[in-house]
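Working notes for the structure below.
Just so you know, all these numbers are worked out from the coordinates, no wet-lab data involved. Just so you know, these numbers come straight off a predicted model, no measurement behind them. Neighbour counts run over all protein chains shown; Cβ positions are idealised from the backbone, glycine included.
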Amino acid sequence: MIFFTALTVFLTPALAMADINLYERSGASLDFGLNLGAGVFSADSTGFGGRPDEDNTGWSEYYVMPILKGSYDTGEFGMFYGELAYAGARTLGDGDLADPFPGGSPEVGFTDGDSKGWESERAYVGWRSGSLFQSLGEDAIDISVGEQDFSIGDGFLIMDGQFDYKDGAYWLAPHSSFDQAAVININTQPVRGDLFYLKSDADQGDTELYGVNVEHINETLGTVGASYFKITDSDYSNRDGMDVYSVRGQGTPFANLGAEDLFLAGEYVYQGGGDDLDVDAHGWYGEAGYTFSNCPWNPTLSYRYAFFSGDDEDSSDYEAFDPLFYGFSRGWGTHYMGEIVGEYYLFNSNQQVHMVHLNALPTEKLSTGVLYYDFTLDEKTEGRNDHFAQEVNLYADYTVNDHLYLSAVFAYATPEDAAEELYGSDDMKLFQVAAFVTF
């Protein structure tokens, strides 16, 4: 469930997938692709200084993912397609600095220097209708079955089907697919929808669910949508039988009034029901951003508030919001909030987050920015305080060419009273650089 759901979905929107064609004849096509990723990480004062044996942490992560895609265009009766992808990942050094359970384990990190492994990432087949249903539009119906990616909206709730802690490369996170999935996309305009069945792997408790998603899309103003799904089985007791409802919107709703540079986004999620627990949880965010398009570097200034309910120990209900399968979709801070706190300590449950983000584009290939976060716990945990931490991230992303992408981040987090009670009182620093290659 970490930072990158997949290389080309998250940090590399500018990279072109230049697959190598192996065969093409009579409507049949077979292509080969390759994704590579590597990152180096260095952190000081692990656990805000509360882990003196692990005070300074350094590690590196790597992955390789060969991809094979095939398709057959029947012409009149649509197109059949499929994909196979396998990913190998490795962590070297001390392992990542995750410490979400202070005092509960002598070990730090979801991965260590021995974390490695190969695992299937995508194995699915599908069919697109092409022009078969002309009144509905091109490819109005798209049906796929197998191990595949699936997302709703900007990934606030469903995007990353795996946690990436078993086989190494926790932060790079080459794995994002759902182990089992059946999806029907109905791509009509302006209203479209999805019917879906998803099952995660053991990283996410072998969670199984069925659902529906409906969206109204306006090319100028944006998208509004609503989703419902029911979790029918999970190794996690809070998920079994849970009903999940979501409404959301994103876009430039005042573009027709001359405010095309004003961006708004938000989503509200309610979680209820449950077979083992009486779940009554909710989470939401609201965001506003403005791009100064007439200024050099096209700076964008945005603010977001996010809320995720925590469990009240005095209540018989279970109120801790389940972040489920959230991912990284629209850039830094969405929806991993903070490269220290949001990646390794708090995971979109029992927290309130203020975020201010300033982004600038010095060149077409370079994106730079600074983010400020303020974290507060919704329900106090083991201590008497709820103000957890403040964090600042500085980043630079550079697209070298169609195949190579570079990224660097410096993060600085200051513990507040709640974090000091759970961990330590030292400021944490993290520096990381990463490179991604696609063919």
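For segment 319-334, 3J(HN,Hα) computed residue by residue from phi via the Karplus equation (6.51, -1.76, 1.60; θ = phi - 60°) reads 9, 6, 5, 9, x, 6, 10, 5, x, 10, 10, 9, x, 4, x, 10 Hz, glycine and proline entered as x.
Please identify the trypsin sites (Lys or Arg not before Pro) of segment 354-394 that satisfy two criteria: DSSP loop assignment and at most 11 other Cβ atoms within 10 Å. Which are they? Each step should come with its number before you reach the end.
Numbers: sites: LYS365, LYS380, ARG384; in loops: LYS365, LYS380, ARG384.
Here the sparse-neighbourhood loop sites are ARG384.
Positive-end ranking of ALA202, PHE410, PRO296 along the dipole of the chain, with charges on Cβ about the Cα centre, is headed by PRO296.
Okay, helix-only estimate at 222 nm for the chain: each DSSP H run of n ≥ 4 adds -39500 (n - 2.57), divide by all residues, round to 500 deg cm²/dmol; what do you get?
Working: 2 runs with 10 residues, N = 439.
After summing the helix terms and dividing by residue count, I get -500 deg cm²/dmol.
Result for the chain in a Gaussian network model with C-alpha springs under 10 Å: among ASP314, ASP154, ASP374, the largest mean-square fluctuation is at ASP314. Placing +1 on each Lys and Arg Cβ and -1 on each Asp and Glu Cβ, with no other charges, gives segment 243-399 a dipole about its Cα centre of roughly 1160 debye.
Among the GluC sites (Glu not before Pro) within segment 351-436, those in coil by DSSP and having at most 11 neighbouring Cβ atoms inside 10 Å are GLU364, GLU382. Provide the gained length on full extension for the span GLU76 to ASN298, in nm with one decimal, where the gain is 0.36 nm per separating residue minus the Cα-Cα distance. Contour length minus Cα-Cα distance gives 75.4 nm. Placing unit charges on each Cβ (+1 for Lys and Arg, -1 for Asp and Glu) gives the chain a dipole about its Cα centre, and among TYR228, THR46, LEU30 the Cα reaching farthest toward its positive end belongs to LEU30.
Counting other Cβ atoms within 10 Å, which GluC sites (Glu not before Pro) in segment 278-350 have at most 15 and lie in a DSSP loop?
On the way: sites: GLU287, GLU313, GLU319, GLU339, GLU343; in loops: GLU313, GLU319, GLU339.
The qualifying sites are GLU313.
Here's the list of lysines a cross-link from LYS116 could span, going by alpha-carbon distance under 16 Å and ignoring same-chain residues fewer than 8 apart: LYS166. Amide H contacts of PHE263 (H built 1.01 Å from N, in plane; Pro and chain starts excluded): GLY289, TYR290, THR291 sit under 5 Å, all sequence-distant by 5 or more or on other chains. Ordering GLY82, GLY266, ALA182 by the projection of their Cα atoms onto the charge dipole of the chain, which places +1 on the Cβ of Lys and Arg and -1 on the Cβ of Asp and Glu, puts GLY82 at the extreme positive end. Taking amide H atoms as placed 1.01 Å from N in the peptide plane, the amide H of SER131 lies under 5 Å from those of GLY78, ASP139, each 5 or more residues away in sequence or on another chain. Around the amide H of GLN180, modelled in the peptide plane, lie the amide H atoms of LYS199, all under 5 Å away and 5 or more residues distant in sequence or on another chain. Applying the Karplus relation 6.51 cos²θ - 1.76 cosθ + 1.60 with θ = phi - 60° to segment 366-381 yields 3J(HN,Hα) values of 10, 10, 10, x, 9, 10, 10, 10, 10, 10, 10, 6, 6, 10, 4, 9 Hz, where x marks Gly and Pro. Under the simplified labelling scheme, the ASN21-TYR305 pair shows an inter-label distance of 5.4 nm, with each label point 7 Å from Cα along Cα→Cβ. Rounded to the nearest 20, the size of the Cβ-charge dipole of the chain about its Cα centre is 1840 debye, with Lys and Arg at +1 and Asp and Glu at -1.
Segment LYS116..SER315, full-extension length gain: 67.4 nm, with 0.36 nm per residue of separation and the alpha-carbon distance subtracted.
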